[in-house]
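Encoded as structure tokens, the structure appears first; notes follow it.
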Amino acid sequence: MLKQERYRFLIQQYKNKIYSYSRYMLKNKMDADDVTQEVMIRIWENIDKFNLLAAKTWIMKTTNNLCIDYLRRRTVVFNREHEIDDEFEDTFSINAAGDNPYLTTHMNMMVSKVKEAIERLPENLKSIFVLFEINGMKYREISKTLDLPINTVKVYLLRARKKLQEELKDYEAHEVI
Amino acid sequence: MKPTKSSDISNKMIEKIISVAYNDANVFERAVVYLASLNNNRIKSELESYRRTARLVHTFSEEVCPDKIFANSKINNLPKPEIRGSFITDLFSLVLNKPIASAFASLTVVLLIIATVIFNRPVERRFTDHEIQLADKQTKYALQLIGNIMNETQQTLKNEILTDRIAKPIHEGIEIVNTLLKEK
């Protein structure tokens, strides 16, 4: 009974983090679905082996490892990376642009550009960037999740931000937010 | 070293600008960047540029995990997350999401219990010999008083109430009855 409650709690708490991270890392909805399901199975199988307080890093580490496996396997001819789904941009709060259609369109374009730029980041920088900026994890948690020293995490995050800015440089010249 | 976008800005300054733009910087770094941006337009434009990106990035929320994932045969047999959390789930969330608050609340409850136990314990007072003798004297005096009152009450009852108020009227009544019987 308690096992089920623990599992339910963990899934409720981390399902979006798992899914979100997989989506950014794999750039593909179907693979993200698969990874999310796989992580859920592993959580259920290992629910008695980890402490609830340490669950976050364990879950994100498992998610990261599975994403890496998927990326390694993805050398097939069919490149699903360009199958960028329409829903991916829907989670952005369009309300920020109010009811102004021009601003809404402009914001959507910017969001799309930034998401694409994030997706183009090298894997090592992207994982840290997504964990920090999107999943809201702290340096220490990321360090444990990815088995990296905290200083390396900080340096990679800085590089990721710089790289993202460079990616957006050309587009930015025309934009007004 | 790879040249930066603005060649007149040092890498350290770029790092500070990024930290300020993404709200990671401390007060000192903020002050340094703001002061530098007042005198240097390139720093100002870099800061603005990074800020725009940071603002956009900060609007991104986590992708919502679709419910159809739980319907898949791979995980169909596993417990499904509830839409409305149970008490245990809520308790877990409370403890794990706000560990400091929960620890503080638990500590407060424990301290309150300990304080209640300590302060409600019967007080063990130790009396001096003088106090004991005085109390003994006062007790004896009080008992003597009570004894005297009891004796007086007994005497009054015996001499005044029983004799005068009860025995005498009964005696008179009986005499009257006897007189009446003799006359007949």
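The values are calculated or read from the model by the stated rules, or taken from the named source; none is laboratory data. If you're wondering where the values come from, they're calculated on a predicted model, not measured in any experiment. Reconstructed Cβ throughout: ideal geometry from the backbone, glycine too, with neighbour counts over all protein chains shown. Accessible surface is based on the protein model in full, side chains and every heavy atom, while ligands, DNA and RNA are left aside. Shrake-Rupley method; radii C 1.70, N 1.55, O 1.52, S 1.80 Å.
Laid out as a table, the results:
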read-out	value
Tensor-based shape of chain B (alpha-carbon gyration tensor, a/c under 1.5 rounded, otherwise prolate or oblate)	prolate
Expected 222 nm ellipticity per residue - DSSP helices of 4 or more, -39500 (n - 2.57), all of chain B, to 500	-22000 deg cm²/dmol
Inter-chain shielding of A:157-168 (mean C-beta neighbours from other protein chains, 10 Å cut-off)	4
Shape category assigned to segment B:92-184 from the gyration tensor of Cα positions, a/c cut at 1.5	oblate
Pairs from A:K126/B:K12; A:K56/A:K169; A:K126/B:K98; A:K17/B:K44; A:K162/B:K98 whose Cα-Cα separation, in the structure shown, is over 30 Å	A:K56/A:K169; A:K17/B:K44; A:K162/B:K98
Förster-model FRET efficiency, 51 Å R0, A:N124 and B:V109, C-beta, rounded to 0.05	0.65
Summed buried accessible surface, chains A and B, 1.4 Å probe, nearest 100 Å²	4500
Solvent-accessible heavy-atom area per residue, rounded to whole Å², over segment A:1-82 at 1.4 Å	45
10 Å Cβ neighbours from other chains, averaged over peptide A:2-14	6
Protection proxy ranking of B:10-17, B:105-112, A:141-148 - average other beta-carbon atoms within 10 Å, highest first	A:141-148, B:10-17, B:105-112
Separation between Cα centres of segment A:1-63 and segment B:117-178, rounded to whole Å	84
Residue-span extension gain [B:N178 to B:E124] - 0.36 nm each, minus C-alpha spacing	12.3 nm
Between 0 and 90°, nearest 10: helix B:27-39 axis offset from chain B longest Cα axis	40
Qualifying GluC sites (Glu not before Pro) in segment B:131-172, DSSP loop, other Cβ atoms within 10 Å at most 10	none
Inter-label distance for A:I47 and B:I166, nm, one decimal - labels placed 7 Å from Cα along Cα-to-Cβ	8.5
Sites B:K137 and B:V95, calculated FRET efficiency, Cβ-Cβ separation with R0 41 Å, nearest 0.05	0.05
Segment B:11-59 - accessible surface per residue (Å², probe 1.4 Å)	53
Size of electric dipole in segment A:1-82: Cβ of Lys, Arg +1 and of Asp, Glu -1, about Cα centre, debye, nearest 20	180
Per-pair calculated FRET efficiency, R0 = 35 Å: A:M30 and B:R42 via Cβ, rounded to 0.05	0.20
